[in-house]
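The structure appears right after this line, and notes come after that.
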Amino acid sequence: MVNQFRYEVPTAIEFGNGVINDLAKHVKTLNGTRVLVVGDPGVVQAGVVDKLTKPLEDNGIPYVTFSEIEPDPAIQSVEKGLLLAKEEGCDIVVGVGGGSSLDTAKAIGLMLTNSGHIRDYVGINMVPNQAAPMIAVPTTAGTGSELTIWSVLSDKKAKVKVSVGSIYNMPKLALCDPELTTSLPKHITAATGMDALTHALESYVNKATQPISEGLSVQSMKMIAKNLRLAVVQGENVEARYQMLLASLIAAMAFNTTRLGLSHALALPLGAHFKIPHGIVNAILLPEVMQFNIIGNVEKFAEIATIFGENTHGLTNREAAEKAVTAIRQLKMDVGITQTLSDYGVREEHLDMIAEEAMLSGNVVVNPVQPTLEDLKNICRASMAPVEKEVFTN
């Protein structure tokens, strides 16, 4: 039983189709006078950034756009964006895109009001000052960065991923418009959706969970179970897109206070060294991590099986818990994620390095079963094996 806990979400949320049209009003409410708009090249080319800058232009609010962002956002991108913001006199940041754009935008806002280098704030609760006002506009339903304390960045020189976590790193406003997600291709919809599921599921079963986060995790998983397949195969389905963006947001509200588990612990070194997209690596790892974790939270894994439509009538909790793993394996296959770690070049000789780096993650200590280095290597080995079948390819 959890006897004492804290839950805090200082970020305001505006959710619904068309809410980006009110961007200028929100900038003025936050006393912004010159905006740094941060978006990766993809959202610029897709015209999404134009949808945000038009309301600014119509209301006479000056802005400058920064788009030098890679899929794994780099510390160097934060440095470049910060320099541009200071040169242009920007006092508010608007981030638009997936996790890469939002994490970069948050870090830039953080460094506008804090001295030194972003590396100085790696870890949790290391930041002394509140960031400059930041508005997060997500275009994918997965990372939840619009509502979390974290900026996950790549240090290209050291070839590692680092995380900056602070309540001061949270956006002032999450402006969530589901219509911005309808043009996402199948493979990105699938990967980001599985990332959102991993957030909800790992938060739900880990040792730091508490009553509020539990309720949020369950709601998010129910929405994902019902809507992820539809969002992938019917990209134009506005209702499915709406539900998935909301599910991602709710999952972020859950794990923001609890952290996650071994999928995310392993995802950092695997993403840093092998360039595996974050949602894909979590999808690959999640069933094997669940299998390892079952004995640490049998009742909750049995509940997950029910949430994902498995018939558990007449089964023991242990038997039902196994069905949860079956359900997530099938979901991963149904949305077209058939890759393994081997497909990205992961080999036996890499496993010591991967396991040692993963063990440093704060997500390990809250995992329901405490792993050894060999346990982490075994999870990777299982995730290197070929899948049984392929439902469709993207």
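Results, tabulated for the structure shown:
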{"read-out": "Difference of contour (0.36 nm per residue) and Cα-Cα distance, V160 to H313", "value": "50.5 nm"}
{"read-out": "Estimated inter-spin distance, D375 and R347, nm [label 7 Å along Cα→Cβ]", "value": "2.9 nm"}
{"read-out": "Heavy-atom accessible area ranking, 1.4 Å probe, most first, across L360, L184", "value": "L360, L184"}
{"read-out": "Surface share of carbon and sulfur [accessible, 1.4 angstrom probe, percent] for the chain", "value": "52 percent"}
{"read-out": "Distance between modelled label sites at R119 and K80, nm, 7 Å Cα→Cβ extension", "value": "1.9 nm"}
{"read-out": "Radius of gyration, Dmax [region 49-91; alpha carbons; angstrom]", "value": "12.1, 34"}
{"read-out": "Stokes-Einstein D in µm²/s, Kirkwood radius over Cα pairs - region 11-103 at 37 °C with 0.692 mPa s viscosity", "value": "242 µm²/s"}
{"read-out": "Relative contact order (%) - the chain, alpha-carbon pairs under 8 angstrom, separation at least six", "value": "14 percent"}
{"read-out": "Solvent-accessible area per residue for region 241-392 (1.4 angstrom probe, square angstrom)", "value": "38 Å²"}
{"read-out": "Coarse-grained scattering of region 121-236 at q = 0.16 Å⁻¹, given as base-10 log I(q)/I(0) from a Debye sum over alpha-carbon atoms", "value": "-0.93"}
{"read-out": "Lys, Arg +1 and Asp, Glu -1 on Cβ, resulting dipole of the chain about Cα centre, debye, nearest 20", "value": "280 debye"}
{"read-out": "Built amide H within the under 5 Å cut-off of G97, gap 5+", "value": "V137, T139"}
{"read-out": "The chain: DSSP helices with Cα axial extent of at least 15 Å and average Kyte-Doolittle hydropathy no lower than 1.0", "value": "262-274"}
{"read-out": "Projected-area mean, the chain, by convex hull of Cα positions, square nanometres", "value": "18.3 nm²"}
{"read-out": "Gap separating the Cα centres of region 71-138 and region 335-389, nearest whole Å", "value": "30 Å"}
{"read-out": "Extension reserve of the K275-Y7 stretch, reckoned as 0.36 nm per residue once the Cα distance is removed", "value": "93.1 nm"}
{"read-out": "Longest DSSP-loop-exposure-free segment, trypsin sites (Lys or Arg not before Pro), the chain, at most 12 other Cβ within 10 Å", "value": "160-346"}
{"read-out": "Placed amide H near G123: partners under 5 Å, 5+ positions off or other chain", "value": "S163, V164, G165"}
{"read-out": "For T113, distant residues with modelled amide H under 5 Å away", "value": "A132"}
{"read-out": "Reachable lysines from K222, criterion Cα separation under 17 angstrom, eight or more residues apart if same chain", "value": "K300, K323, K332"}
{"read-out": "Virtual spin-label span in nm between M126 and D50, 7 Å along Cα→Cβ", "value": "4.1 nm"}
{"read-out": "Pairwise FRET efficiency - E88 versus L360, Cβ, R0 = 45 Å, nearest 0.05", "value": "0.75"}
{"read-out": "Relative contact order of region 82-178, defined on C-alpha pairs under 8 angstrom at six or more residues apart (%)", "value": "31 percent"}
{"read-out": "Within region 253-385: Cβ-based charge dipole about Cα centre, in debye rounded to nearest 20 (Lys, Arg +1; Asp, Glu -1)", "value": "240 debye"}
{"read-out": "Per-residue HN-Hα couplings for region 153-170 [Karplus 6.51, -1.76, 1.60; θ = phi - 60°; Hz; x = Gly/Pro]", "value": "10, 9, 9, 5, 5, 8, 6, 9, 9, 10, 10, 10, x, 7, 4, 6, 8, 7"}
{"read-out": "Antiparallel bridges, percent of DSSP beta bridges restricted to the chain (to nearest 5)", "value": "20 percent"}
{"read-out": "Value of relative contact order over region 266-384, rounded to a whole percent, pairs C-alpha under 8 Å and six or more apart", "value": "33 percent"}
{"read-out": "For region 171-238, accessible area per residue (1.4 Å probe, heavy atoms of protein chains only), Å²", "value": "33 Å²"}
{"read-out": "Cα-based Lys proximity count in region 73-207, under 24 Å, for pairs eight or more positions apart or on separate chains", "value": "14"}
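The values are calculated or read from the model by the stated rules, or taken from the named source; none is laboratory data. Being a predicted model, the structure only gives us computed values, none of them experimental. Neighbour counts are summed over all protein chains in view; Cβ atoms, including those assigned to glycine, are modelled from backbone coordinates with ideal geometry. What goes into the accessible areas is simple: the full protein's heavy atoms, side chains included, and nothing from ligands, DNA or RNA. Shrake-Rupley method; radii C 1.70, N 1.55, O 1.52, S 1.80 Å.
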